[in-house]
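Accompanying notes for the structure given below.
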Amino acid sequence: MRSITFSQAVNEAIAEEMRRDECVFLIGEDVAEAGTPFKVTSGLVEEFGTDRVIDTPIAEPGFMGLAVGAAMTGARPIVDLMFGDFLFLVMDQLCNQAAKTHYMSGGKLQVPLVLRTNLGATRRSAAQHSQSLHALVAHIPGLKVAMPSSAYEAKGLMKTAIRDDNPVVIFEDKLMYQDKAQVPEEEYFIPLGEANILRDGTDITLIGTSSMRQVCESAAELLGEEGISAEVIDPRTIVPLDEAKILESVKKTSRAIVVDEGHQNFGTTAEIAARISEKVFYHLDAPVIRMGAMDVPVPFSPALEDLTVPTPEGVAENARKIVAGELVHAL
Amino acid sequence: MPSEVKMPQLGMNQDSAVIVTWLKASGDKIKSGEPIFEVETDKATVEVEATADGYLTDICAGEGADVPVGNVIATIVETKAEVFDSADEPAALPESASGPEVDIASETNPKQAPAAAKPATKSKASISPRDPAIANQQVSRPSTAEKVLASPKAKRLASERGINLGALRAQGVTEPIHTADLARAGTGGQSSLTAHIEGYALNVLLDRSEDGNRTALFAAFAAGGWRAIYNCDHVTVALREVDGTSTLLTNPDRGGNGKPATTALTLVDLCDTRLSGFVSASGGVTLCTARNGENYVLTLSFSESSLPMVHAVALLDTIAARIRDPIRQLL
Amino acid sequence: MSKKLKNNAEDYLRMYRQMVRIRTFEDNANQLYLDAKMPGLTHMYSGQEAVAVGVCEALEATDKITSTHRGHGHCVAKGANFKEMFCELLGKREGYCRGKGGSMHIADQSNGNLGANAIVGGSMGIATGSALRAKLQGANDVTVCFFGDGATAQGLLYEVMNMAALWKLPVIYVCENNGYSEYTRTDEIAAGEITARAKAFGIEAYQVDGQDVLAVNKLTSELVERARKGAGPFFVELLTYRYHGHHVGDINRTYYRSKEEEAEWKNNRDPIDLFGAWLIKEGLASDNDLTGVRDAIGVEASEAVAYALDAPYPDAAEVGMHVYAEVD
């Protein structure tokens, strides 16, 4: 199978869906000739023209609102939000309008749109261009939230999201755009709400979203060398969440660490850990450990920034402890 | 000037030790240098000597208690008059009402005032099944009176297998107890009591009833006996089959109604085999019933650290009485 | 296919009837609230009827509108039925939104009403997006964005007017200036002229008497026709007045406006009275005709209210429905 980069995978998914369905269009800042700062949408304007690859002024609430209205009246917009940090700017249009319209109208109106944005620190971009804010939107009923962890997921999830009749927010790891993965030539889809078990194990379950999938896989490698068998699960979407697969795994291993790049407090790790604790409590042989990004604004200095994000060594260290029956947090 | 008796530091890396036996009782006259109690460390059993002359009082850690090094466990006072008399303390539970578990519970909270739990070891000898203290008072169940820190899975499995976690801790298993620790259950040594009972009346009853289920009757008698000793609302009996499967029966003496509780005891009925007895090493309380011609042999195996001898005698005696005279019990 | 300017008796009488329907609907809604039969709160449109009717009579059913928290008038003017509206106000299953939206969220897709919005200025993006979709798909429908003077303080308006002007979108921004931004006089919250805001983006902007249904309809009809041909967007400020407080519970309002002022608008500038007098003067209807119209609508409203009061609430199972659309 061929290998392509994460950004090529996203680009292919958008292009294929735009060819298939004239209702699909792309809108955002510098999505046309510039192809976005990460060059993810390069080439699309040449094929589809400026009517369907629309450069906007720097007005996030404005173009987000336009997308909601277009979606309500029959289009399928893909909104490009240059940085995940700008979610705070579009919150009303996303959470008060897009998320609630279907419900408030008693099912009459639909808002089939995709909001593409990104997450991920360690790009030395400091506090306003490094946040991972997926938990924020995952909190709002009516929105779906996808977190592709490789080029393969990026394409399969994007194509499914574009065809979904609900607002779907896709968080791409901006450090992963140049990473390659095997992606089939032929068309494929990844359902929303289907986790992927990347590695079977018996001693502990490591649940890692987006960029943290690779962190968990590396941690599992380290642990494997010591005879600890770690199962690695990538939820792929956090709304809907493939709870069954996660719970089944934890029932088997009796231990779990949830790793995610969002802030730990009130975050994705907390939600998944809580569901495990609620639903398979009597199968747990250790507390479920959350490992999110440190609860500080992302610092600029590389010396500091690298401390804020979970690492394979950190995950392995906690895994080692709980498998040995040692305490991660004092009694 | 009263002198405190503290748990001594007995090894380099030891932060607690288990009291095996008190060699002196409250009120006994003590000479400096005289052994007053035995403790078990990870290496050996050691006698601890008094460091002052006087009278022993205020014993606040019972046999089986795992006591942090440096904690005060008793006091030596200069005159007999200063000895704390439990009869003067109406709020304190008589020893028969608390058993060693209350002692342990008091040890889980080092900040608790030494006088809060007052086991007067001298009263132990007076307990009998006819003792009004047993017959009329709310007696704490051994395995629920204390809080043992264990993982949810370990707790569940211990309950299913009739393993007493308090006994495990008394054996020196470090908290929190994990599933792997359950394998150590019973290694602390089980005691057993045997009773031979005339079976005539029971056999007549079983022959005459259409669906006479002997095992169910034994379970009911066992639960009734337990209730008579501990006066608790709900008694769960684990029925362990010879094929290895296990069934939980809640209040079998009350038609099986009520809220499931932690397993009180495990019943093994060997009457349909040629075997005559079984002593469990599970660490819990196990009642084995077997046939000897027309008569029955009852074997009660238990850990004395969780079920004091005096309770065990009373329990087996009352169960035996029920089997010998079943009609009276059923009426 | 587009409608012509209203110029015959039948059209005029329908406009009169629609204005009376709005006023009657609001009187009944107000009474339901005062009788404690209506949950929540609501915002009365009474006094502004000429705006909704003048504008919506210039539109086709395929044209879209977005509405506001004060949206009953737009909803009626765009063709909604009393029964489903009252049911929605009372949270009943047969309501336009199955009781899930209530007064501030009535949407009536069949008539092109994309819904009221409880966020002030919240629908400006939606209206402009609807116009973008029309342009991209070559449809010739026009979208009207209703909002109040208070919403001109929202930044979203300027972001979307900028894009609408850049891309010549078929959207008409209709600012109903009723003089008050909630409990505050408009001149205390809006600097400069309202129309100047649109002009800054090169958008043609007009100011018109919002109590004169014919003037509103005439202007809107012209702008709708031009917008269909790609000459949009447009901006219209309509000077009008709300008879009630900001919401139904806003009873004591002398701290922000006088009773004399309210009486002046009600007695001398009422859009229904003015238009009724014009119809009689022009010989298009008699006083009896108009009384008959009002009585018939009163009966229709009473029946709809009674129906809605007796109608069933949604089944509890509905609470979890429509959070997500089913995937095709």
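When the Kirkwood hydrodynamic radius is evaluated over all pairs of different C-alpha atoms of the stretch A:56-123, what value in angstrom, to one decimal, is obtained?
12.4 Å is the Kirkwood radius here.
Quick query: amide H of A:Val239 versus all other amide H atoms, modeled in the peptide plane; which residues come in under 5 Å with a sequence gap of 5 or more or a different chain?
For A:Val239, whose amide H was placed from the backbone, the distant partners under 5 Å are A:Val145.
In whole Å, what are the Cα extents of the stretch B:165-240 along the three principal axes, biggest one first?
Largest to smallest, the principal-axis extents are 52, 28, 23 Å.
Across the stretch C:178-195, in residue order, what do the Karplus-derived ³J(HN,Hα) couplings come to in whole Hz, using 6.51 cos²θ - 1.76 cosθ + 1.60 with θ = phi - 60° and x for Gly and Pro?
Karplus values, whole Hz, x for Gly and Pro: 9, x, 9, 9, 6, 10, 10, 5, 4, 5, 8, 10, 10, 7, x, 8, 4, 5.
In whole Å, what are the Cα extents of the stretch B:249-331 along the three principal axes, biggest one first?
Projected onto the principal axes, the Cα atoms of the stretch B:249-331 cover 35, 33, 24 Å.
Once whole DSSP H runs in chain C are found, which of them have Cα atoms spread over 27 Å or more along the helix axis and a mean Kyte-Doolittle score of at least 1.6?
Helices meeting the criterion: none.
Using DSSP to define loop residues, name the GluC sites (Glu not before Pro) in the stretch A:220-282 whose beta-carbon has at most 12 other beta-carbon atoms within 10 Å.
Hits after loop and neighbour filter: A:Glu226.
What are the extents of the Cα atoms of chain C along their three principal axes, in Å, largest first?
The principal-axis extents, from largest down, are 57, 51, 46 Å.
Taking a cut-off of 12 Å between Cα atoms, list the aspartates and glutamates near B:Lys31, but don't count ones fewer than 8 places away on the same chain.
The reachable aspartates and glutamates, counting only those whose Cα sits under 12 Å from B:Lys31, are B:Glu49, B:Asp53, B:Glu78.
Check the straight Cα-Cα distances from A:Lys159 and name the lysines below 26 Å, setting aside those fewer than 8 residues away within the same chain.
By straight Cα distance, A:Lys159 reaches A:Lys39, A:Lys100, A:Lys108, A:Lys144, A:Lys174, A:Lys180, A:Lys245, C:Lys135.
Among bridges DSSP assigns within the stretch A:121-272, what percent are antiparallel (round to 5)?
DSSP beta bridges in the stretch A:121-272 are roughly 30 percent antiparallel.
Output ³J(HN,Hα) for the stretch A:218-231: one whole-Hz value per residue in order, computed from phi by the Karplus curve 6.51 cos²θ - 1.76 cosθ + 1.60 with θ = phi - 60°, and x for Gly and Pro.
Residue by residue, the stretch A:218-231 yields 5, 4, 5, 4, 4, 5, x, 5, 9, x, 9, 9, 9, 8 Hz.
With +1 assigned to the C-beta of every Lys and Arg and -1 to the C-beta of every Asp and Glu, and no other charges, what is the dipole magnitude of chain A about the Cα centre in debye, to the nearest 20?
Dipole magnitude for chain A comes out near 640 debye.
Which whole-number percent is the relative contact order of the stretch A:3-182 (Cα, under 8 Å, 6+ apart)?
Here the relative contact order equals 27 percent.
Counting other C-beta atoms within 10 Å, which of C:Trp278, B:Trp226, C:Trp167 has the fewest, and how do the rest follow?
C:Trp278, C:Trp167, B:Trp226
What percent do you get for the relative contact order of chain A when only Cα pairs under 8 Å and 6+ apart count?
Normalised by residue count, the contact order of chain A is 16 percent.
If you take the Cα atoms of the stretch B:191-330, find Rg, then find the Kirkwood Rh from the mean of 1/r over all pairs, what is Rg/Rh?
The Rg/Rh ratio comes out at 0.93.
Across the stretch C:1-132, how many lysine pairs, 8 or more apart or on two chains, come within less than 28 Å at their alpha-carbon atoms?
21
Nearest 5 is fine: what % of DSSP beta bridges in chain C come out antiparallel, could you say?
Expressed as a percentage, antiparallel bridges in chain C total about 10.
Take the eigenvalues of the Cα gyration tensor for the stretch A:3-182, scale each by 5, and report the square roots as semi-axes in whole Å, largest first.
23, 19, 16
Need one number: the % of Cα-Cα pairs in the stretch A:160-282 sitting beyond the 22 Å mark.
Here the long-distance tail beyond 22 Å is 38 percent of all Cα pairs in the stretch A:160-282.
Under 25 Å Cα-Cα from A:Lys252, which lysines qualify once same-chain neighbours fewer than 8 residues away are excluded?
Partners within reach: A:Lys279, A:Lys321, B:Lys153, B:Lys155.
Of C:Lys100, A:Lys108, how do they rank once you tally other Cβ atoms within 10 Å and put the fewest first?
A:Lys108, C:Lys100
Cα centroid distance between the stretch C:53-101 and the stretch A:92-146, in Å?
28
Where both partners of a DSSP beta bridge lie in the protein assembly as shown, what percent of those bridges are antiparallel, to the nearest 5?
Antiparallel: roughly 45 percent of the beta bridges in the protein assembly as shown.
Sort C:Thr186, A:Thr160, C:Thr240 so the one with the fewest other Cβ atoms within 10 Å of its own Cβ comes first.
C:Thr186, A:Thr160, C:Thr240
Can you give the alpha-carbon Rg of the stretch A:137-210 over 2.2 N^0.38 Å, where N counts its residues?
That ratio works out to 1.19.
Determine the sum of side-chain charges near B:Leu316: Lys and Arg each +1, Asp and Glu each -1, restricted to other residues whose C-beta is under 13 angstrom from that of B:Leu316.
Residues near B:Leu316 contribute +1 overall.
Pairs of alpha-carbon atoms within less than 8 angstrom and 6+ residues apart define the contacts here; what relative contact order does chain C have, in percent?
23
Give me the compactness ratio for chain A, meaning the Cα radius of gyration over 2.2 N^0.38 Å.
Compactness ratio reported: 0.99.
Using the Kirkwood radius over C-alpha pairs as Rh, can you work out the diffusion coefficient of the protein assembly as shown via Stokes-Einstein at 4 °C, viscosity 1.567 mPa s, in µm² per second?
37
Where a number appears in this text, it was derived from the coordinates with a stated rule and is not lab data. What you see is a predicted model; the values in this text were computed from it and never measured. No Cβ is skipped: glycine too gets one built from the backbone with ideal geometry, and neighbour counts run over all protein chains shown.
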